[in-house]
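Novice: My questions all concern the structure below.
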Amino acid sequence: MDDKQLERQLTAEVLERVRRIGELRNKQQPFVPGSSPVKYAGRVYDEADMLALVESSIEFWLTGGRWHRRLEDRLAKWYGVAAARLVNSGSSANLLASASLTAHEWGERRLRRGDEVITVAAGFPTTVAPLIQLGLVPVFVDVHLPTYNIDVTQLDAALSDRTRAVSLAHTLGNPFDLDAVIAFCRRHNLWLIEDNCDAAGSLYGGRKTGTFGDVATLSFYPPHHMTTGEGGAILSPNDEMTRVIESLRDWGRDCWCQPGIDNTCGKRFAWQLGDLPAGYDHKYTYSRLGYNLKLSDMQAAVGVTQLEKLDRFVAVRRENWAFYREALADLGDVLILPEATPNSDPSWFGFMLMVREDAPFTRDEIVRHLESKKIQTRMLFAGNLVRQPAMTTLVAQRQADGEPPPFRIAGDLRQTDAIMSRGFWFGVYPGLTPEMRGYVAEEVRTFVRR
């Protein structure tokens, strides 16, 4: 037996043991109400994911390789877009999406420092943070209850002569009113950044979210619909946007060779760009100031097998959400129950509840009760982002330096403040069992009706 044959034999032995470990880990443990935790989310994986990860680690390519290319191709096919490009997190995807719209390729339409971008404060910070980091000005608009998405009736009031884009997430997987937002963007020639991190598999008008924007983002952090651990992606609608995204992701280089490959363009030493000498190595020519936001091949390997399960994960999330909606339907006198946006079929990230102002208990009281029963809960991310210490500190710094505020508020954020004070959610992820769901619903009902 030669060395290659021996390596193949040893690899097969390792993978067989990994498969057996995966089978052991996936044996269902009995659920004990009040003792077993009911998580709000978490990684859901099997032996196929473990095998892909270990196989990739044995290959030891580490940076983007065959698994990386496979996942990008399959994501693009699953979403039905021109291209998907992997990055190291959903937050990096949001940064890259915003930065891509500042590229010189877009001429007069490119985003410049001081340009305004309409968004909401009731969401996750890294939907908005890249705007400020790039010198753009978020314009915060209030949200609509009980969809928890942007109140599209306020879009016109938020518009100014500096408005250049709209950047929005589909809150907890519930699509925002895409018809209204897209019509507004087209009417005023605005970019649309579609944060699809919480909404893999959501449908609007029968079409997958993540396919409507000029650029869209995904997250593969463990609580999300599929996971690579850390990781994310950008969905691109055309080749020109894809080239900008690739360049910014990969240090800002002009070269588009895959890692470990040279001279894809066929003229590596024949370019004349910038003030560089003729023939300067194209692999070290940089056409923009970029980042290094790539995903490893081992993470991509997990993503390949996770994507194969994504349709099932989405179906289970919808089933779990529907169970809670029916089980708690008669509590509407004290709790505001969530509703899907018209014309949508969400792939839910969580089940959101709001305690009514006149309820005989507070949000904090019901949350403490659920947590005491080992039921994890979460707030709607930042609540009201402008009240977060990161933002209040920045406002104070700008004032001290005699600079304009970092954001603008259109109208008021009354509903956003209500969500911050009275809203919470719990999980619908595929790791829940029917026993866990029933227990959660029972504890909510017990607390509310006692």
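Coordinate-derived values only; no laboratory data. Just so it is clear, the structure is predicted and the values come from calculations on it, not from any experiment. Here Cβ is always computed from backbone atoms with ideal geometry, including for glycine, and neighbour counts include all displayed protein chains.
Novice: When you count, for each residue, the other Cβ atoms within 10 Å and take the mean per peptide, how do 147-153, 317-323 rank with the highest first? Walk me through the intermediate numbers first.
Specialist: Details: 147-153: 21.3, 317-323: 19.7.
Packing proxy ranking, top to bottom: 147-153, 317-323.
Novice: Highest mean first, how do 403-413, 94-104, 225-235, 133-143 rank when packing is the count of other Cβ atoms within 10 Å averaged over residues?
Specialist: Numbers: 403-413: 15.3, 94-104: 22.8, 225-235: 26.1, 133-143: 21.3.
Top of the packing list down: 225-235, 94-104, 133-143, 403-413.
Novice: Treating only the Cβ of Lys, Arg, Asp and Glu as charged (+1, +1, -1, -1), what charge dipole size does the chain show about its Cα centre? Round to the nearest 20 debye. Mind dumping the intermediate values first?
Specialist: On the way: 53 positive and 57 negative charges, 62 e Å.
Dipole about the Cα centre, nearest 20: 300 debye.
Novice: So, one more: Based on DSSP, what percent of beta bridges with both residues in the chain are antiparallel, to the nearest 5? All intermediate terms of the calculation are to be shown ahead of the outcome.
Specialist: Numbers: 25 of 44 bridges.
Antiparallel bridges make up about 55 percent of those DSSP assigns within the chain.
Novice: Residue by residue, what Karplus-based ³J(HN,Hα) values in Hz, rounded to whole numbers, does region 104-121 have, using 6.51, -1.76 and 1.60 with θ = phi - 60° and x for Gly and Pro?
Specialist: 3J(HN,Hα) across region 104-121, in whole Hz: 5, 4, 8, x, 5, 7, 4, 6, 10, 3, x, 5, 9, 10, 6, 7, 10, 8.
Novice: Taking 30 Å as R0, compute the FRET efficiency from the Cβ-Cβ separation of residue 291 and residue 445 and round it to 0.05. Intermediate values should be presented prior to the final figure.
Specialist: On the way: r = 49 Å, r/R0 = 1.62.
That gives a FRET efficiency of 0.05.
Novice: Applying 1/(1 + (r/R0)^6) with R0 = 22 Å to the Cβ-Cβ distance of residue 106 and residue 396, what FRET efficiency is obtained, to the nearest 0.05?
Specialist: Values: r = 34 Å, r/R0 = 1.56.
Computed FRET efficiency for residue 106 and residue 396: 0.05.
Novice: Towards the positive end of the charge dipole of the chain, with charges on Cβ (+1 Lys, Arg; -1 Asp, Glu), say which of 204, 52, 217 has the farthest Cα.
Specialist: So the residue we want is 52.
Novice: In whole Å, what are the extents of the chain along the principal axes defined by its C-alpha atoms, from largest to smallest?
Specialist: Taking the Cα atoms of the chain, the three principal extents are 77, 68, 43 Å.
Novice: If you place +1 on the Cβ of every Lys and Arg and -1 on the Cβ of every Asp and Glu, how big does the dipole about the Cα centre of region 18-61 come out, in debye to the nearest 20?
Specialist: Details: 6 positive and 6 negative charges, 58 e Å.
In debye, rounded to 20, region 18-61 gives about 280.
Novice: Of the lysine pairs in the chain, how many meet both conditions: Cα atoms under 22 Å apart, and a spacing of 8 or more in sequence or different chains?
Specialist: Eligible lysine pairs with Cα atoms under 22 Å apart amount to 12.
Novice: Related question: In debye, nearest 20: dipole of region 310-449 around its Cα centre with unit charges on the Cβ of K, R (+) and D, E (-)? Intermediate results must be reported in sequence, preceding the final value.
Specialist: On the way: 18 positive and 19 negative charges, 51 e Å.
Roughly 240 debye, rounded to the nearest 20.
Novice: Using +1 at the Cβ of each Lys and Arg and -1 at the Cβ of each Asp and Glu in the chain, identify which of 426, 251, 92 lies farthest towards the dipole's positive end.
Specialist: 426
Novice: Among 260, 226, 313, flag the residue with its Cα farthest along the positive direction of the charge dipole of region 206-324, charges on Cβ as +1 for Lys/Arg and -1 for Asp/Glu.
Specialist: 313
Novice: Kindly write out, for region 38-44 in residue order, the coupling ³J(HN,Hα) from the Karplus curve 6.51 cos²θ - 1.76 cosθ + 1.60 (θ = phi - 60°), rounded to whole Hz, with x marking Gly and Pro.
Specialist: 10, 6, 6, 5, x, 5, 10
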